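Structure first, commentary second.
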Amino acid sequence: MDRAEAVRLLPENYARALTLRDQGCDNAQIAAALGIVPQGIGTLLRLAETKLQQILDNPPEVDDQLKVSLENPADPPEPPRI
């Protein structure tokens, strides 16, 4: 699993914060985009990096029911029933 795939598995605020940082935004810009105080961005980014590293170290297994059939990709699988 590469970094981009792992970022997509993060909670939305973690993924957005890392993506904005990677695009060159500073902490004030990230805070404004996320609607949080700038003082919290350092902590948020550290938590996001920690979670990202956990995902990269131990990638989750992909549920086979969610994979699109290679034989007929136009027919997506039914969503899991809850």
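Quickly run through the stretch 31-57 and pick out the residues that are surrounded by fewer than 10 Cβ atoms within 10 Å (Cβ to Cβ) and among the acidic types (Asp, Glu). Asp57, the sole residue that qualifies.
Comparison of Pro60, Pro79 shows that the only residue that is out of contact with any helix residue (DSSP H, G or I) (no Cβ under 9 Å at 6 or more places or on another chain), at pLDDT below 95, in a loop (DSSP other than H, G, I, E, B) and surrounded by fewer than 10 Cβ atoms within 10 Å (Cβ to Cβ) is Pro60.
Of the residues making up the stretch 1-30, those that are assigned to a helix (DSSP H, G or I), surrounded by fewer than 17 Cβ atoms within 10 Å (Cβ to Cβ) and hydrophobic (A, V, I, L, M, F, W, C) are Ala4, Ala28. Taken as a whole, the condition of being outside any helix (DSSP H, G or I), under 12 Å from the mean Cα position of the chain (by Cα) and not hydroxyl-bearing (Ser, Thr, Tyr) does not apply to Leu52.
The values are calculated or read from the model by the stated rules, or taken from the named source; none is laboratory data. Note that the structure is predicted; figures quoted are calculated from it, not measured. Glycine gets a Cβ as well: all are built from the backbone with ideal geometry, and neighbour counts include every protein chain shown.
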